[in-house]
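Engineer: One structure follows; several queries about it will come next.
The values are calculated or read from the model by the stated rules, or taken from the named source; none is laboratory data. Not measured: the values here are computed from a predicted model. Glycine gets a Cβ as well: all are built from the backbone with ideal geometry, and neighbour counts include every protein chain shown. Please note that ligands, DNA and RNA were not included when accessible areas were found on the heavy atoms of the full protein model with its side chains. Shrake-Rupley method; radii C 1.70, N 1.55, O 1.52, S 1.80 Å.
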Amino acid sequence: MENSIREIREKALAGLAEVRDTAGLEQLRVNILGKKGELTGILRGMGQLPADKRPAMGQLVNEARAAIEEALERRLSELRAREKDARLKAEAIDVTLPVEKRTMGAVHPVFSCMEEMIDIFVGMGYEVVEGPEVEFDHYNFELLNLPKNHPARDAQDTFYVDDNIVLRTHTSPVQARIMTTRRPPIRVICPGRVYRADEADATHSPVFHQMEGLVIDEGVTMGDLKGTLDQFAARLFGEGVSTRFRPSYFPFTEPSAEVDIPCANCKGAGCRMCKGTGFIEVLGSGMVNPKVLDMCGIDSRRYSGFAFGMGIERMALLKYNIPGLRLMYENDLRFLSQFR
Ligand code: PHE
């Protein structure tokens with residue numbers, strides 16, 4: 001028995017040196033000192049010894065136990081320290097590493113231009129109103145003095161959903177909705193997407209954006225329209241830019257005018273961009289046709305108003321001097337990131 005005690009003691013101490021982690025150490029402790037451990041087994045066997053040998057043997061076991069426990073304790077703190085070191089090392093962050101650069105998104109030029117246009121009109125006291133993109137024929141055409149079979153309907157290549165529903169071809173149906181639901185004074189702008197069955201090319205896209213303007217009150221004149229648009233052009237394109245009105249035709253305005261600004265490229269001298277005219281057409285406008293006012297339930301003998309509608313892409317092309325419409329839709333980051 002003496003020998004096995006010594007053996008156990010030596011084996012334990014040797015095992016301690018070899019053990020690599022706290023889990024292994026615990027296993028070792030259980031194997032030797034646990035309930036079913038080797039040393040515990042010896043203690044149990046003591047009952048079989050003659051009574052006079054028990055005290056000496058008991059002392060031997062206790063010494064072995066104390067020695068092993070002390071060694072275990074020492075090894076445990078050693079291994080704990082080592083494991084903590086390893087964990088700290090694994091969790092370490094090198095604060096001197098270069099930071100990964102994150103690129104910020106940018107507002108699309110169509111939208112930054114639209115926001116600027118909205119700001120200008122809001123500054124003049126206009127309210128922003130939106131309407132549905134899938135629209136009744138009634139608002140898109142009929143209330144705007146474009147009855148079925150009216151020849152001017154051909155000018156707008158319409159996407160029909162069914163006989164009575166279209167993808168709106170302009171933002172003008174929003175003014176029809178406003179005029180049927182509100183009473184003057186009215187002063188609104190209506191930005192939004194519009195649709196036309198056009199092939200996409202340098203100047204066309206089946207989807208684009210427009211902004212409608214509508215003012216109705218007593219005594220509103222074409223002079224107010226001209227003053228408003230001059231003010232708008234100067235704010236958007238720069239001091240000194242004013243508008244030129246050309247007589248035109250829209251069924252919902254009478255009289256109607258197409259509005260030009262001087263060509264920024266040649267300053268009015270005439271170049272390829274303005275086809276030699278020195279001017280670039282930017283929008284359609286006019287005095288709200290009294291027939292339209294009456295159809296919408298606004299008394300045309302008492303009230304008058306003006307309306308205008310412009311393409312936002314076209315404004316953005318001119319404002320940022322962008323050479324073609326396609327760039328607006330291709331989502332080429334090399335192009336878009338310049339607007340950051
Ligand atoms: N709705 C017309 C268009 O899309 C523009 C316009 C609006 C003209 C308001 C006159 C008045 O071409």
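Engineer: If you take every residue apart from M287 with its C-beta less than 13 Å away from the C-beta of M287, what net charge results, scoring Lys and Arg +1 and Asp and Glu -1?
Structural biologist: Numbers: positive: K226, K291; negative: D217, D224, E254.
Around M287, the surrounding residues sum to -1.
Engineer: Would any residue of region 293-333 have its amide N under 20 Å from a label point 7 Å out along Cα→Cβ of M222? List them or say none.
Structural biologist: Zone members listed by number: 293-294, 300-310.
Engineer: Further question: At what distance in nm do the modelled label points of A200 and Q59 sit from each other, each positioned 7 Å from its Cα along Cα→Cβ?
Structural biologist: Once both label points are built, they end up 9.9 nm from each other.
Engineer: With all protein chains present and a 1.4 Å probe, how do E127, E70 order by accessible area, largest first? Mind showing how you got there, number by number?
Structural biologist: Values: E127 85, E70 110 Å².
Highest to lowest solvent-accessible surface, that is E70, E127.
Engineer: Now for a different question. For the charge dipole of region 92-140, defined by +1 on Lys and Arg C-beta atoms and -1 on Asp and Glu C-beta atoms about the Cα centroid, which residue among F121, P98, F111 has the Cα displaced farthest towards the positive pole?
Structural biologist: Of the candidates, P98 comes out farthest on the positive side.
Engineer: Would you mind telling me the antiparallel percentage of the DSSP bridges in the chain, rounded to 5? Walk me through the numbers on the way to the answer.
Structural biologist: Working: 42 of 44 bridges.
Antiparallel: roughly 95 percent of the beta bridges in the chain.
Engineer: Once amide H atoms are placed 1.01 Å from N in the peptide plane, what residues at a sequence separation of 5 or more from T253, or on another chain, have their amide H within under 5 Å of its amide H?
Structural biologist: Those lying under 5 Å, H to H, from T253 are N289.
Engineer: Next question. For the chain, which whole percent of the accessible surface, found with a 1.4 angstrom probe, sits on carbon and sulfur atoms? Walk me through the numbers on the way to the answer.
Structural biologist: Working: 10250 of 19650 Å².
Summing carbon and sulfur atoms, their accessible area is 52 percent of the total for the chain.
Engineer: Quick one: the Cα spread of region 102-228 along its three principal axes, in angstroms, biggest first?
Structural biologist: That works out to 49, 47, 24 Å along the principal axes.
Engineer: Under a Cβ-Cβ cut-off of 11 Å, what is the net charge of the residues other than N140 that fall near it, where Lys and Arg count +1 and Asp and Glu count -1?
Structural biologist: Details: positive: R153, R168, R177; negative: E133, E135, D137, E142.
Residues close to N140 contribute a combined charge of -1.
Engineer: Given region 1-52, what whole percent of its Cα pairs are spread farther than 12 Å?
Structural biologist: Details: 874 of 1326 pairs.
Tail fraction, whole percent: 66.
Engineer: Go through K36/K84; K226/K319; K226/K267; K226/K291; K148/K226; K226/K275 and tell me which ones have a Cα-Cα distance over 27 Å in this structure.
Structural biologist: The pairs that break the limit, which is 27 Å between Cα atoms, are K36/K84; K148/K226.
Engineer: Per-residue HN-Hα couplings for region 162-168, Karplus 6.51 cos²θ - 1.76 cosθ + 1.60 at θ = phi - 60°, whole Hz, x for Gly and Pro?
Structural biologist: 8, 4, 10, 10, 10, 7, 4
Engineer: Unpartnered cysteines of the chain (Cβ-Cβ under 4.7 Å counts as a partner)?
Structural biologist: C113, C190, C296
Engineer: Under a 1.4 Å probe, what is the accessible area of region 25-146 per residue, stated in Å²? Spell out each step's value before the answer.
Structural biologist: Numbers: 8230 Å² over 122 residues.
So region 25-146 comes to 67 Å² accessible per residue, rounded to a whole number.
Engineer: OK, next. Once you place label points 7 Å from the Cα toward the Cβ at E330 and I118, how far apart are they in nm?
Structural biologist: Output for this residue pair reads 2.8 nm.
Engineer: Post the alpha-carbon centroid distance, region 306-340 to region 18-74, in whole angstrom.
Structural biologist: When both Cα centres are located, 86 Å separates them.
Engineer: Applying the Karplus parametrisation 6.51 cos²θ - 1.76 cosθ + 1.60 with θ = phi - 60° to the phi angles of region 290-300, what ³J(HN,Hα) value in whole Hz is obtained for each residue in order, glycine and proline being reported as x?
Structural biologist: x, 4, 5, 4, 5, 4, 8, x, 10, 5, 6
Engineer: Moving on. Can you tell me how much longer the chain between N321 and N149 gets when fully stretched, taken as 0.36 nm per residue apart minus their C-alpha distance, in nm with one decimal? Present the calculation step by step, with values, prior to reporting the outcome.
Structural biologist: On the way: separation 172, 0.36 × 172 = 61.92 nm, distance 3.95 nm.
Difference between extended and current length: 58.0 nm.
Engineer: Could you tell me the accessible area of L144 in Å² (1.4 Å probe, neighbours in place), rounded to the nearest ten?
Structural biologist: The value for L144 is about 0 Å².
Engineer: Let me know the Rg and Dmax you get for region 2-91 when you use only its Cα atoms, in Å.
Structural biologist: 15.8, 59
Engineer: How do L39, L318 stack up against each other in accessible area, from largest to smallest, with a 1.4 angstrom probe?
Structural biologist: Working: L39 0, L318 40 Å².
Ranked from most to least accessible, the order is L318, L39.
Engineer: With r as the distance between the Cβ atoms of T96 and L33 and R0 = 35 Å, compute the FRET efficiency 1/(1 + (r/R0)^6) and round to 0.05.
Structural biologist: Working: r = 48 Å, r/R0 = 1.38.
After rounding to 0.05, the efficiency reads 0.15.
Engineer: Let me ask something else about it. Among A269, A106, A14, determine the one that fluctuates most according to a GNM of the chain built with springs between C-alpha atoms less than 10 Å apart.
Structural biologist: A14
Engineer: Place +1 on the Cβ of every Lys and Arg and -1 on the Cβ of every Asp and Glu in region 109-339, take the dipole about the Cα centre, and give the residue among M328, G286, T181 whose Cα lies farthest towards its positive end.
Structural biologist: G286
Engineer: Kindly provide the pair-distance distribution of the chain built from C-alpha pairs, with 10 Å bins from 0 and whole-percent values in order of increasing distance.
Structural biologist: Bin by bin from 0 Å, the calculated values are 5, 18, 20, 11, 4, 3, 4, 5, 8, 9, 7, 4, 1, 0.
Engineer: Would you calculate the separation in nanometres between label points at R44 and V107, each defined as 7 Å from the Cα along the Cα-to-beta-carbon direction?
Structural biologist: 8.2 nm
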